Amino acid sequence: MLARQLERTEFHAEDAGLSPRRVVGIGLVIGLITIYGLAMVGGIMKAAQGNLLHLAPETFYALLTLHGAGMIATVVLLTGVAHWYFLREHLTLRVEVLLFAVAAIVWGLLAAAVAVLVGGFAPGWTFLYPLPFVGATWPAWATGLFFFGVLFVGIGFAIYCLDILAGIVREYGSLLNGLALDTLIPRLRRADGKVAPPTVIAATMVAIDGILTVSAGTILVIALLGRWASPNFPIDPLWIKNLTYFFGHTIANLTIYVSAGVIYAVLPHYTQRPWHTNKIYAISWTTSLIFVPWAWPHHLYMDFVQAPWLQLFGEGSTYIASIPATVVTIFGALLLVYRSPMRWRIGSTMFVAGLLGWLIGGAAAMLDATIPFNDVLHNTLWVPAHFHTYLLGGVFLFVLGFASHFAGERAAPGRFAKTAEWLFFVGLGGFLLTFYAGGIEGVPRREAVQPAPGPFLADIATGFVVILLVGLTGVLLETLWRARHSAGQGGEA
Amino acid sequence: MMTRRNVPWLGLLVVAMAADILVPAALGIGDPPLGLHHLEHAFLLFGGGVLGIAYVRRSPREWGDPLWLFATILLGAAGLVLMVPELYSRVDAYPVLHTLLHVGFAVVGYFGGYAAERYSPRSGIAWLLMVVMTGALTATGFGAPPPGV
Amino acid sequence: MVPLEGKQLVIFVLWVALTAIVIGVFWWVMRSTRRPDAYDAVSKGGYRLRKSWAWFYGTLLIAAFAATLWTVPYAWAQPAAAKRPAMVVTVRARQFSFSMPSRLPAGRQIEFRVTSDDVNHGFGIYSPQGVLVAQVQAMPDYTNVMYFTFSAPGTYTIRCLEFCGVGHSDMHQTLTVYPAKGSV
Ligand code: HEM
Ligand SMILES: [Cu+2]
Ligand SMILES: [Cu+2]
């Protein structure tokens, strides 16, 4: 029954020239172009914080808002299509739904870009109430348009999660089976003995927490739209601050869990070793499912009025959420690589390097999430330092690795690719180090004009960003070249 | 879900929902605190959703149109718009309107569950997840003014 | 450059050490692919190692959590005796300045009551050497209470530590801390 339906859907989609691979490719290309552009915006911001370029503060903050919001939405898009590509091996998912999700996110991005570039909307990507309304240097329409943009991104992600969730219950019978809890609870075992593989377990966690996150985001945006429409709309600043970080933190954090799903699927191709489900995976992903949505209070440690139990619970949840990642996913990946007949390609190098970025950024995050340390790290450059380590140096590397895998890579990288890769990594490492240095020196984040030694470090950082971008250009060209020469038969490591 | 075993539970749910719809307005029981009021409405969204899901499950269906997913999301947003407290304060003064609002929640809930379940067998749970989250978060302060310095 | 001292030094050393260990482990694992072996041969030892690692890491986290319970900067965690002689100072933040005294004593505990007239701001205290020594958020409609004792006199800087609009990076001012009279 389902197979027949699937065929029918496939038929429609193919009719329109939209094979699943094609839609994934479209999402990938749009996303990579966007990231490339936004990375240049990041470089411009660094140059402006240094002595190399002058920007008016309102321009700087507008670019900051564009970079932050755009990057988060784009990595949601990119990791989403990458995971979807592999999930199709296990679930029947609909290509129209993916197309809709991609389109909604792209429209959301465009709306946000117009709000920022034309309207000058500039309260930072977290648009923390009441900032969008008080002392604004931009017109009201820009505020409204931006919120609608956020809503669109949310709708895109929600529909993506809903289809995956539906696919999981259809295939495995229930969400508990999607988490592979049948390995622990005999009553759940299926007659056919089918158990969800790790990449599906990850999808289950992401789909559930994703739906919760988008629900929170919708409440947030509706409250802000209410305030936008009527200045009397009552909003409690502490409540909305919690909601803002619940949404912002969790959606950014989830991209890592989506990436984990990609890693589970792709690493076995390179290491030529299988990645099987067992009890440990069920336990650890259930732990993530429960505790990831409770980590947001670590953004509010410096709000001393926040309820003490929330502060401590937030710290504990952040700690607990780090256990599955380090003990299961990253450890498991390293074990898979250890003494394997690894095929070192651009793809596999990016994946292993991305795991490294995830760990280092995670360590920095854990330090920041420790309350007595937070009071000297909060809102310093330490914060962008650590999240760039696992977003730029982690999630983005997974995306590049996926792109390379998707394009098809049969041979080991040549001299051009190797050089590009090295330039990219050197630029990345240097850029991140200057960020950490600024953080430990107490330079605040989100400042158009920083106190010393901010500008000095920003000058150095700009140099590294140039190197990074040159390397990135090379890596992307190489990937594009390979995609042209193996059109339609990717996936071969 | 629509097995014979579940019928008593569904009956109980209907009774509870009916009470929730009718009693506060009819008896003129004063406005509950805002957070509780949100929860009460979320309960109607939830209960309606369970009924909608049960209705679809009466007869096994195939995989539905993707538009059902879209409908699920829109209904979720619609439920939330009905929860804007500005609306409560206008409506609560008139028992009939208040009752109608409660009926509205149950109806949105019903169609939300129906739409989610129509998309694919068992996917109605997505609606319940959304509604539980909505209830929990609105109850913590959606539309509530700050407590003051 | 700002001197690296206090908590910042501890944090930096910890992070550098963790990073070095992690890079070392990755390097070792990557090198190991030069002499491949069957998965069955390595996975048993791997699972044993994973178990020890889980125990070690879990214990570390519990220890860290327990240790931090005693050192959180919140008012409720301060011993009652330490709170009593505090000098109360109100800080009101607004776009883009703070209204607060420009001189305060060293060596005396101060109870900062921090709030905001408009948007969210931060209240960060930088030592005369430029080291960030304490901070708290300034939020509209709420008052955050922070206890702090200036350990030495000098010219401190108060700096906004929450993005608050177009003038955010100009939102800083100096604070003169004078020697305590009786000296505590
Ligand atoms: C070459 C690449 C990149 C460069 C040069 C760059 C640069 C920057 C700079 C200079 C800032 C402002 C830091 C501050 O002073 O507060 C920033 C903020 C930010 N970046 Fe990046 N970035 C890059 C890549 C990325 C990537 C890949 C992501 C996410 C996937 C990302 C996400 C963000 C976010 C969320 C913010 C915070 C925005 C805000 O504070 O509102 N960046 N980036
Ligand atoms: Cu009501
Ligand atoms: Cu500020």
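From the list A:THR380, A:THR389, A:THR318, which one is of a type in the set (S, T, N, Q), facing another protein chain (nearest Cβ under 8 Å) and crowded, with 22+ Cβ neighbours inside 10 Å?
Result of the check over A:THR380, A:THR389, A:THR318: A:THR380.
When segment A:154-193 is examined, which residues are found to be more than 13 Å from chain B (Cβ to nearest Cβ) and either in contact with a helix residue (DSSP H, G or I) (Cβ under 7 Å, 6 or more places away or on another chain) or under 30 Å from A:ALA115 (Cα atoms) (or both)?
A:LEU179, A:ALA180, A:LEU181, A:ASP182, A:THR183, A:LEU184, A:LEU188, A:ARG189, A:ARG190
Taking the residues in segment C:103-138 that are in contact (Cβ under 8 Å) with a residue 40 or more places away in the chain and within 16 Å of ligand 1 (Cβ to nearest atom) as candidates, determine which candidate is surrounded by the most Cβ atoms within 10 Å (Cβ to Cβ).
Among them, the one singled out is C:HIS121.
Considering every residue within segment A:220-241, establish whether at least one is among the β-branched types (Val, Ile, Thr) and free of Cβ contacts under 8 Å to residues at least 24 places away in the same chain.
yes
Can C:LEU175 be described as crowded, with 23+ Cβ neighbours inside 10 Å and modelled with pLDDT of 95 or more?
Considered against the rule, which asks whether it is crowded, with 23+ Cβ neighbours inside 10 Å and modelled with pLDDT of 95 or more, C:LEU175 comes out as no.
Would you mind finding the one in C:VAL42, C:VAL2, C:VAL25, C:VAL13 that is at the interface with chain A (Cβ under 9 Å from one of its Cβ atoms) and under 19 Å from the mean Cα position of the chain (by Cα)?
C:VAL2
Go over the candidates C:THR143, C:THR157, C:THR149 one by one and state the one that is surrounded by 14 or more Cβ atoms within 10 Å (Cβ to Cβ), within 10 Å of chain A (Cβ to nearest Cβ), away from ligand 1 (no atom under 16 Å from the Cβ) and farther than 26 Å from A:PRO237 by Cα.
C:THR157
Please pick out the residue among A:ALA353, A:ALA365, A:ALA321 that is among the small types (Gly, Ala, Ser) and more than 23 Å from A:THR199 (Cα to Cα).
When all the criteria are applied, what remains is A:ALA365.
If B:ALA19 passes every condition in (1) within 12 Å of ligand 2 (Cβ to nearest atom); (2) in a helix (DSSP H, G or I); (3) modelled with pLDDT under 85 but one, which one does it miss?
Checking B:ALA19 against (1) within 12 Å of ligand 2 (Cβ to nearest atom); (2) in a helix (DSSP H, G or I); (3) modelled with pLDDT under 85, the one that fails is (1).
Here are A:ALA458, A:ALA412: which of them is away from chain C (no Cβ under 12 Å) and more than 26 Å from the chain's Cα centre (by Cα)?
Of the residues listed, the single one that is away from chain C (no Cβ under 12 Å) and more than 26 Å from the chain's Cα centre (by Cα) is A:ALA412.
So A:GLY135 fits all but one of (1) at the interface with another protein chain (Cβ under 8 Å from one of its Cβ atoms); (2) without any contact (Cβ under 8 Å) to a residue 24 or more places away in the chain; (3) not in a loop (DSSP other than H, G, I, E, B); what number is the exception?
(3)
Can you name the condition, by its number, that B:MET133 falls short on among (1) free of Cβ contacts under 8 Å to residues at least 60 places away in the same chain; (2) farther than 30 Å from C:THR143 by Cα; (3) assigned to a helix (DSSP H, G or I); (4) not β-branched (Val, Ile, Thr)?
Of (1) free of Cβ contacts under 8 Å to residues at least 60 places away in the same chain; (2) farther than 30 Å from C:THR143 by Cα; (3) assigned to a helix (DSSP H, G or I); (4) not β-branched (Val, Ile, Thr), only one is false for B:MET133: (2).
Inside segment C:139-162, can you point out the residues that are free of Cβ contacts under 8 Å to residues at least 60 places away in the same chain and touching an Asp or Glu at 6+ places or on another chain (Cβ under 8 Å)?
Passing the criteria: C:MET139, C:PRO140, C:ASP141, C:TYR142, C:ASN144.
The values are calculated or read from the model by the stated rules, or taken from the named source; none is laboratory data. Please read these numbers as outputs of a predicted model, since none were measured by experiment. So basically every Cβ, Gly included, is an ideal-geometry build from the backbone, and we count neighbours across all protein chains shown.
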